[in-house]
Each structure stands twice: as C-alpha cells, then as structure tokens.
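As structure tokens, the structure follows; a few thoughts come after it.
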Amino acid sequence: MHKRNKKFSHSLFLISYFLFFISCAAQKNISKHDYDNLLNDSSLQSAHVGICLFDETANTYLYNYQSEKYFVPASNTKLFSLYAGMKYLGDSLIGIRYIERDTDILILPTGDPTLLHPDFLRQPVIDFLKWKKRNIYIAGANWREQALGAGWSWDDYNDDYMAERSPMPVYGNVIRWAETQQADSSFISFSIPDVNWKVNFTADSTSKKFSVKRKFAENVFEITQGTEKYKQQDVPFITNGLESAAELLKDTINTKVFTNYLPLNTYHLPATLIHSQPTDSLFTPMMHRSDNFFAEQTLLMVSNERLGFMNDEKIIDTLLKTDLKDLPQKPEWADGSGLSRYNLFTPQDFVFLLKKMKDEFGLERMKHILATGGNGTLGNRYKQDSGYIFAKTGSLSGVIALSGYLITQKNHLLIFSVLVNNNNGNGSKIRDVVAKFIEEARRKY
C-alpha cells in the first residue's frame with residue numbers, strides 16, 4: 001500500500017472511532033427510565049455506579065450513566081492485559097530464548113508463567129533442557145520489576161491469588177500443600193521438589209482446620225494440622241528474582257543451574273527461542289477463572305517483547321501512547337490483574353476497548369476466551385439460554401464490575417460495561433441487580 005493510502009486508511013479509522021463516541025454523547029440520556037430499577041435498587045443507594053451500553057449492530061449508543069467517570073475496575077483490568085497479549089504475543093508463547101555453547105546453555109527468561117505449571121502437561125522447555133544435559137545459566141538483566149505490584153494489599157501475600165511475579169516463574173510460583181488423613185495419622189504432601197525450605201508444625205488442639213502460613217519475608221512455612229479427610233491449600237513462595245527458579249529447576253532437570261545478570265547480547269552470539277504453549281491456552285483460563293498470576297505475567301511478557309525488559313510502568317505508558325492513545329478517557333493503569341486499587345478506568349474505556357478487540361481479533365475468538373453464562377466466574381448466573389453473554393467480572397471489597405458482549409433476542413450485538421464502587425451491601429445481591437439490567441437489555445434490543 002502506498003504511504004498516501006496508509007494515511008488515508010488511518011484517518012478513516014480515527015474518524016470512525018470519533019463518530020462512535022460522538023454518537024455516544026448525543027444519546028446520553030436515552031432510555032434512562034428503562035433502567036431506573038437498577039439505579040434505585042436499595043443495594044446501590046450508597047454506591048457509585050457507571051453504565052455504558054452500545055448497540056454495535058445498529059451503531060447506536062443506547063445508554064450512558066456516569067460512563068465518563070472513573071471507577072476502580074478490579075479484575076476488569078485484565079481486559080487491557082488481554083488486549084496487549086493478543087496484540088503482541090502471537091499464536092504461541094515464547095518459553096525461553098537461549099544461547100547454546102560447548103559446555104552450557106545461557107537462558108534469557110521471557111516471563112512465561114506456564115513453565116512447570118500443573119495446568120500445562122506438555123513442557124517443551126523442560127524437555128529441551130533435559131535432553132541437552134548441560135549446565136544452565138539464567139540471565140536476569142531483563143527483569144526490572146518488583147515481585148508484588150503497586151497498590152496491592154500486602155497482607156494478602158499468603159493467599160493463592162497473590163502469587164509473586166518473576167522473570168522465570170515455575171510451578172505457578174505457588175506450593176500446593178495437602179493433608180490426608182490415614183488411619184490414626186495424617187500425611188502432609190507438597191507439589192514441588194523438596195528444596196529444604198523450613199517447615200514448622202503447630203500443635204493447636206482448638207483448631208480442626210488444616211492451614212499453611214508462610215512468613216512474610218521468608219520461605220518458612222507454619223503448618224497447622226486439621227481433622228479433614230483431605231484438605232489442600234496453595235501458598236505463594238518467595239521467588240527472590242531468579243533464585244527460587246534456579247533452585248527448583250536443578251532438581252527437575254537433574255543438572256546444575258546458576259544465575260547471572262548479564263544480558264545475552266554480552267556474549268555476541270545469536271539467541272534461539274523455544275515456544276511453549278498456544279497463547280489462547282493461557283488467555284482462556286486467565287479470563288475464565290480470573291487468574292491474577294497469568295494476567296500479571298502476560299503484561300510482563302508483552303513488556304519483554306516490545307521493550308526488551310519486564311516493567312509494568314514502562315509498558316503501560318507505551319501502550320497508552322500508541323495502541324490505546326484514542327481511549328475516550330486516559331486511565332490510571334497500575335498492574336496487569338486488577339489487584340491494585342490504583343487502577344482507575346471509565347465504563348466508556350471498556351466499551352471502546354471491547355469494540356477495538358472485536359474489530360482487531362474477531363468476535364468468535366473473543367467468545368472463546370471470555371466466560372459465558374454458567375461458566376467460569378459467570379458460573380452462577382446467566383445459565384438460562386447460555387451463550388448470549390461473554391464477559392469479564394471484577395470483584396474487590398466495595399467493587400463489582402462486569403464488562404463484555406451481549407447478543408440480544410433480536411440478534412443485536414451489544415457492548416456494555418457496568419462498574420459499581422463504594423458499595424457496602426451484599427455483593428451477591430448487587431450482582432443479581434446487574435444481571436437483571438443485562439437480561440432486560442437482552443430482551444428489549
């Protein structure tokens with residue numbers, strides 16, 4: 001295509017999105033009466049609510065209520081990480097880059113979270129390293145991030161949804177502990193090789209529940225035995241950058257593993273890459289079960305591919321200045337998962353993004369990746385005639401969010417975002433109210 005035609009096409013693209021949001025503003029107060037039941041529900045009286053509803057089929061903005069205002073979106077933030085991953089990680093994840101020498105292999109990690117993760121039985125990187133049987137050096141110069149994200153609740157460190165981020169995750173950066181009652185005794189097991197981390201057993205005669213508590217800054221685990229027939233708990237371990245990965249890998253592949261912080265280009269040799277998993281095999285569980293760890297590592301992998309190093313702040317700034325520069329309101333975007341309360345987005349931002357994702361990647365792929373009624377985080381709702389909603393939920397204390405696609409009974413495609421903040425009511429009741437709003441829109445349009 002000639003440069004002149006490229007400029008013309010780009011101009012048409014910008015005009016299209018401009019007209020899309022002019023249409024939004026022009027119809028801001030349409031149909032407000034139809035949704036008064038949502039806004040006046042007693043469970044939302046103390047809450048802040050933002051709603052954005054667009055009919056993609058008719059190219060008509062159906063409803064706007066505080067849609068230009070900012071809200072904490074919780075796990076709806078994952079939609080932005082998903083966009084970045086779909087845009088820049090290709091059809092399959094890059095597991096490692098490596099340089100092979102006579103006596104060793106130098107690895108530059110990519111942030112791939114699937115390495116030795118129990119969800120992924122096929123492990124091409126591990127198979128390769130076992131086959132080579134050489135000493136391994138892992139370089140960490142491309143890691144420019146912290147283990148925990150900005151604005152995360154530090155005292156959640158022991159919970160499985162807050163696994164540490166790292167340049168080369170292994171086993172999902174968590175240990176699965178389990179207690180099984182056997183005759184007159186109990187048996188404690190764990191999911192990773194024995195690395196001689198310290199384990200203490202607590203004798204608590206008042207407790208009947210099995211639990212594991214890691215010390216905040218150490219891989220020291222306190223186990224309280226319970227009386228359940230079987231109980232398991234996933235607990236994040238401290239990664240120490242590459243140190244835990246190196247320690248765990250050496251037992252898995254039965255060779256020596258060392259760490260260094262020299263970039264691969266120091267050795268003036270070309271690097272080869274190994275692909276690990278299809279990208280959608282990561283994105284689908286990331287969205288269906290709202291996997292924070294997968295989302296965080298996805299954004300870091302994008303940073304590594306675009307910038308040559310892993311850093312949230314830098315890749316977010318880059319994306320907002322390039323691919324996402326036309327968002328209707330510039331967000332405060334702090335992390336990949338939505339764990340951070342520093343995140344601030346508008347409902348219009350999510351509708352814009354979902355439209356952009358449909359246009360760039362196709363609705364059918366989006367329908368596969370996002371959860372539908374009776375599935376994933378939508379498992380308890382939208383079960384009747386499932387297959388008409390494809391969306392991402394979001395939950396934090398005081399936060400309920402839902403953004404996605406809705407196929408109506410008249411076969412129109414609606415794009416919507418409902419964000420609720422500062423509620424102090426029953427979360428399940430608020431989700432029911434939002435569901436009534438969605439179902440009413442489906443029947444009407």
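The values are calculated or read from the model by the stated rules, or taken from the named source; none is laboratory data. Quick caveat, the model's predicted, so the values are computed rather than measured. Note that we place each Cβ from the backbone using ideal geometry, even for glycine, and neighbour counts take in every protein chain shown. Side chains are part of the model used for accessible areas, which takes the heavy atoms of the whole protein and leaves out ligands, DNA and RNA. Shrake-Rupley method; radii C 1.70, N 1.55, O 1.52, S 1.80 Å.
Students often check this: by mean Cβ neighbours within 10 Å, which of 375-384, 136-145 ranks highest, and how do the rest follow?
Working: 375-384: 16.6, 136-145: 20.8.
Answer by packing, highest mean first, reads 136-145, 375-384.
Go ahead and estimate [θ] at 222 nm for the chain from helices alone: -39,500 (n - 2.57) per DSSP H run with n ≥ 4, summed, over the residue count, rounded to 500.
Details: 11 runs with 135 residues, N = 445.
One gets -9500 deg cm²/dmol as the mean residue ellipticity at 222 nm.
Which length gain, in nm to one decimal place, applies between E332 and F201 when the Cα-Cα distance is subtracted from 0.36 nm times their residue separation? Before the final figure, lay out each step's value.
On the way: separation 131, 0.36 × 131 = 47.16 nm, distance 4.37 nm.
Separation in residues times 0.36 nm, less the Cα-Cα distance, equals 42.8 nm.
Can you list the residues, at least 5 places off or on another chain, whose amide H is less than 5 Å from the amide H of Q277, using H built in the peptide plane?
L93
At a temperature of 25 °C and a viscosity of 0.890 mPa s, determine how fast the chain diffuses translationally according to Stokes-Einstein, using the Kirkwood radius over alpha-carbon pairs as Rh; express D in µm²/s, rounded to the nearest whole number.
My calculation gives 104 µm²/s for D.
Nearest 10 degrees is fine. How inclined is helix 78-88 to the longest principal axis of the chain, computing both from alpha carbons?
70
Can you tell me the orientation of helix 292-307 relative to the chain, as the angle in degrees between its alpha-carbon axis and the longest Cα principal axis, to the nearest 10?
The helix 292-307 is inclined about 90 degrees to the chain.
Grab the beta carbon distance between L273 and S42, set R0 = 41 Å, and tell me the FRET efficiency rounded to 0.05.
Working: r = 56 Å, r/R0 = 1.37.
After rounding, the FRET efficiency stands at 0.15.
Which order do Y70, Y171, Y83 take when ranked by solvent-accessible area (1.4 Å probe, heavy atoms of all protein chains), largest first? Intermediate values should be presented prior to the final figure.
Values: Y70 105, Y171 35, Y83 0 Å².
Heavy-atom accessible area, descending, gives Y70, Y171, Y83.
Given the convex hull of the Cα atoms of the range 101-204, what is a quarter of its surface area in nm²? Present the calculation step by step, with values, prior to reporting the outcome.
Details: hull surface 40.6 nm².
Averaged projected area of the range 101-204's Cα convex hull equals 10.2 nm².
If packing is taken as the average count of other Cβ atoms within 10 Å, what order do 405-411, 180-186 fall into, highest mean first? Before the final figure, lay out each step's value.
On the way: 405-411: 15.6, 180-186: 10.9.
Per-residue Cβ counts within 10 Å, averaged per peptide and sorted highest first, yield 405-411, 180-186.
Kirkwood hydrodynamic radius of the range 249-329 from all distinct Cα pairs, in Å?
On the way: mean 1/r = 0.0632 Å⁻¹.
In the range 249-329 this quantity evaluates to 15.8 Å.
Mind putting together the pair-distance distribution for the range 256-299? All Cα pairs, 10 Å bins, whole percent per bin, short to long.
Calculated over all Cα pairs of the range 256-299, the distribution is 20, 31, 29, 19, 1 percent.
Going through the range 174-226, which GluC sites (Glu not before Pro) have at most 14 other Cβ atoms within 10 Å and a DSSP loop state? Let's see the in-between values first.
Numbers: sites: E179, E218, E222; in loops: E218.
Qualifying residues, ordered by number: E218.
So with the 1.4 Å probe, I'd like the accessible area per residue for the range 306-429, rounded to whole Å². Walk me through the intermediate numbers first.
Values: 4760 Å² over 124 residues.
Ligands and nucleic acids excluded, the result is 38 Å² per residue.
Quickly rank 153-160, 124-131 as a protection proxy: mean count of other C-beta atoms within 10 Å, highest first. Don't skip to the end; give the middle numbers.
Numbers: 153-160: 13.9, 124-131: 16.4.
Ranking, from highest mean packing down: 124-131, 153-160.
On C-alpha positions alone, give me the angle between the axis of helix 3-26 and the longest principal axis of the chain, in degrees, nearest 10.
The helix 3-26 is inclined about 70 degrees to the chain.
Using the Kirkwood radius over Cα pairs, work out the Stokes-Einstein diffusion coefficient for the range 297-445 at 37 °C and 0.692 mPa s, in µm²/s as a whole number. Before the final figure, lay out each step's value.
Numbers: Rh = 16.6 Å.
Result for D is 198 µm²/s.
To the nearest 0.05, how large is the calculated FRET efficiency for D91 and A147 if R₀ is 22 Å and r is the Cβ-Cβ distance? Could you put the intermediate results ahead of the total?
On the way: r = 30 Å, r/R0 = 1.34.
With a Förster radius of 22 Å, E is 0.15.
Could you give the length gained by full extension between A178 and L121, i.e. 0.36 nm per residue of separation minus their alpha carbon distance, to one decimal place? Walk me through the numbers on the way to the answer.
Working: separation 57, 0.36 × 57 = 20.52 nm, distance 2.06 nm.
Full-extension gain reported as 18.5 nm.
Considering only protein heavy atoms and a probe of 1.4 Å, how much of the accessible area of the chain is carbon and sulfur, as a whole percent?
Working: 9990 of 20200 Å².
Carbon and sulfur: 49 percent of the exposed surface of the chain.
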